[in-house]
Amino acid sequence: MRTQQKAGKRVSYHAPFGWKVDPEDSTRLVRDEGEQRLVRRVLALAGTGMSPWRIAHELTQKGVKTGRGKAWTATTVAKIIRRGG
């Protein structure tokens, strides 16, 4: 699965935050530039030492929604940090 992910191939039904299904090839993922800006913001906040819980709380308080329109959780933020974008 990791090999497919590194090659930009889809490995699950849902694309990870920051990515979307390629409209020309449904087996591939392409960057979602709007979400990538938010990914960079999350990584920058994490770089200051802010915890995933605190980042999720701050994003939710500011009304920022996840890709599925839900409130942020520490788990979602931790996955973004772990993936590194």
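Thr73 versus Asp25, label points 7 Å from Cα toward the beta carbon: distance in nm?
Simple spin-label model gives 3.3 nm for this pair.
For every other residue with a beta carbon closer than 15 angstrom to the beta carbon of Gly34, add +1 if it is Lys or Arg and -1 if Asp or Glu, then tell me the sum.
+4
Please work out how much length the chain gains when fully extended from His14 to Ser51, using 0.36 nm per residue of separation minus the C-alpha to C-alpha distance, in nm with one decimal.
So the chain would gain 10.8 nm between His14 and Ser51.
Take the Cα atoms of region 18-82, find their three principal axes, and give me the spread along each one in whole Å, biggest first.
38, 22, 17
In region 12-54, whose amide N lies under 15 Å from the spot 7 Å out along Cα-to-Cβ of Arg82? List them in ranges.
Answer for region 12-54: 16-17, 52-53.
How much accessible surface area, in Å² rounded to 10, belongs to the heavy atoms of His57 with a 1.4 Å probe?
Result for His57: roughly 70 Å² accessible.
Considering Cα pairs under 8 angstrom that are at least six residues apart, work out the relative contact order of region 37-85 and quote it in whole percent.
Relative contact order comes out at 45 percent.
The values are calculated or read from the model by the stated rules, or taken from the named source; none is laboratory data. These numbers were taken from a predicted model, which means no experiment stands behind them. Heads up, the Cβs are rebuilt from the backbone with ideal geometry, glycines too, and the neighbour counts pull from every protein chain shown. Areas reflect the complete protein model, heavy atoms only, side chains present, ligands, DNA and RNA absent. Shrake-Rupley method; radii C 1.70, N 1.55, O 1.52, S 1.80 Å.
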